[in-house]
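Nothing in this text is a laboratory measurement; each read-out follows from the coordinates by a stated rule. What you see is a predicted model; the values in this text were computed from it and never measured. Here Cβ is always computed from backbone atoms with ideal geometry, including for glycine, and neighbour counts include all displayed protein chains.
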Amino acid sequence: MSGVATPVIILNTKAYQESMGEKGLALAKACEEVTKETGVSTVICPQQFDLAWIAHQVSIPCFAQHVDAKDVGSATGWALPESAKAAGAAGSLINHSEHRLTMADIDTLVTRCRALGLTSVVCTNNIQVSAAAASLNPDMIAIEPPELIGTGIPVSRADPDIVRGSVEQVSAINRNVVVLCGAGISTGEDVRAAIELGAKGVLLASGVVKADSPKAALLDLVSGI
């Protein structure tokens, strides 16, 4: 799985003002510091224009926020897995709720990422989609009901069955796929609850990106592991 250890905290910086340019680099360095101080694996997904710049300045893995199932060549404006690899990415999110893809494209991207040595994190919204995604053999699946994203209400509390059920279904189909918990994660207690439900880590964004002290927020998250 491209060297990404679990449990893991994956920080998606999205397109927030607080994660552009130098602020995005500061977030990446905060993740790096927390990993060095605690030994807990962290991954950052910088804004696409900052990916290469940030990936070459930190030792933690950097993932692309999105990649497209377009062929190398005449594909103006598309984000290719091959370009992400060349930029220094160690993996990519695929099918985030804010950038949905067809199952056929997810299949193509998981296969291409594997061939490139990139860790694939397929985002899903329910147990059924999690099960379908598991059959495509991604490295990770992040279960994130879209209605809870950015609310501060963790899925582990609002709908624990969707996490537990996804873990069970994915494990039954492909034991090699790691399940992460996303949507509404913001505290160490949320992380602890997710792990108790069977997840091997979390995917989050605003709980750290918009925090007064991102490093403090990350340390609180790590306390739940």
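Only counting other Cβ atoms within 10 Å, I'd like SER206, SER92 sorted with the fewest neighbours first.
Numbers: SER206 19, SER92 28.
Result, fewest neighbours first: SER206, SER92.
Can you compute 3J(HN,Hα) from phi for each residue in region 69-79, using the Karplus curve 6.51 cos²θ - 1.76 cosθ + 1.60 with θ = phi - 60°, rounded to whole Hz and x for Gly and Pro?
Along region 69-79, the couplings run 8, 10, 6, 4, x, 7, 8, 4, x, 8, 9 Hz.
Once amide H atoms are built 1.01 Å from N in the peptide plane, which residues 5 or more positions from CYS45, or in another chain, come under 5 Å H to H?
LEU11, ASN12, THR13, PHE63
For the chain, what does -39500 (n - 2.57) per DSSP helix run (n ≥ 4), summed and divided by total residues, give at 222 nm, in deg cm²/dmol to the nearest 500?
Details: 10 runs with 91 residues, N = 225.
The per-residue figure over the chain is -11500 deg cm²/dmol.
For region 87-198, compute Rh as the Kirkwood radius over C-alpha pairs and then the Stokes-Einstein diffusion coefficient at 10 °C and 1.306 mPa s; write the answer in µm²/s, rounded to an integer.
Details: Rh = 14.0 Å.
Translational diffusion coefficient: 114 µm²/s.
Which distance in Å, rounded to a whole number, links the C-alpha centroids of region 161-225 and region 30-70?
So the two Cα centres are separated by 17 Å.
Among CYS31, ASN12, SER41, flag the residue with its Cα farthest along the positive direction of the charge dipole of region 1-45, charges on Cβ as +1 for Lys/Arg and -1 for Asp/Glu.
The one lying farthest along the dipole's positive direction is ASN12.
Between ARG164 and GLU189, what length comes free when the chain is fully extended (0.36 nm per residue of separation minus the Cα-Cα distance, one decimal in nm)? Mind dumping the intermediate values first?
On the way: separation 25, 0.36 × 25 = 9.00 nm, distance 1.68 nm.
Roughly 7.3 nm would be gained on extension.
Rank these for me by crowding, PHE49, PHE63, going from fewest to most other beta carbons within 10 Å.
Working: PHE49 11, PHE63 29.
If I rank by nearby Cβ atoms, fewest first, I get PHE49, PHE63.
Karplus couplings for region 80-92 from phi (6.51 cos²θ - 1.76 cosθ + 1.60, θ = phi - 60°), rounded to Hz, Gly and Pro as x?
Coupling constants for region 80-92: 9, x, 5, 5, 4, 4, 5, 6, x, 5, 9, x, 7 Hz.
GLU147 versus SER171, label points 7 Å from Cα toward the beta carbon: distance in nm?
Those two pseudo-labels are separated by 2.7 nm.
Whole-Hz ³J(HN,Hα) for each residue in region 116-131, computed from phi via Karplus 6.51 cos²θ - 1.76 cosθ + 1.60 with θ = phi - 60°, x for glycine and proline: what do you get?
8, x, 9, 6, 9, 10, 8, 8, 10, 10, 7, 5, 5, 5, 4, 5
Computed from these coordinates, which is Rg and Dmax of the Cα atoms in Å: (1) 15.9, 47; (2) 19.6, 79; (3) 16.2, 55?
Only one option fits the structure, namely (1).
Give the order of GLU22, GLU98 when sorted by the count of other beta carbons within 10 angstrom, beginning with the fewest. Intermediate values should be presented prior to the final figure.
Details: GLU22 8, GLU98 16.
Listing GLU22, GLU98 from fewest to most nearby Cβ atoms yields GLU22, GLU98.
For LYS85, list the lysines whose Cα falls under 20 Å from its own Cα; do not include residues on the same chain fewer than 8 positions away.
Partners within reach: LYS14, LYS70.
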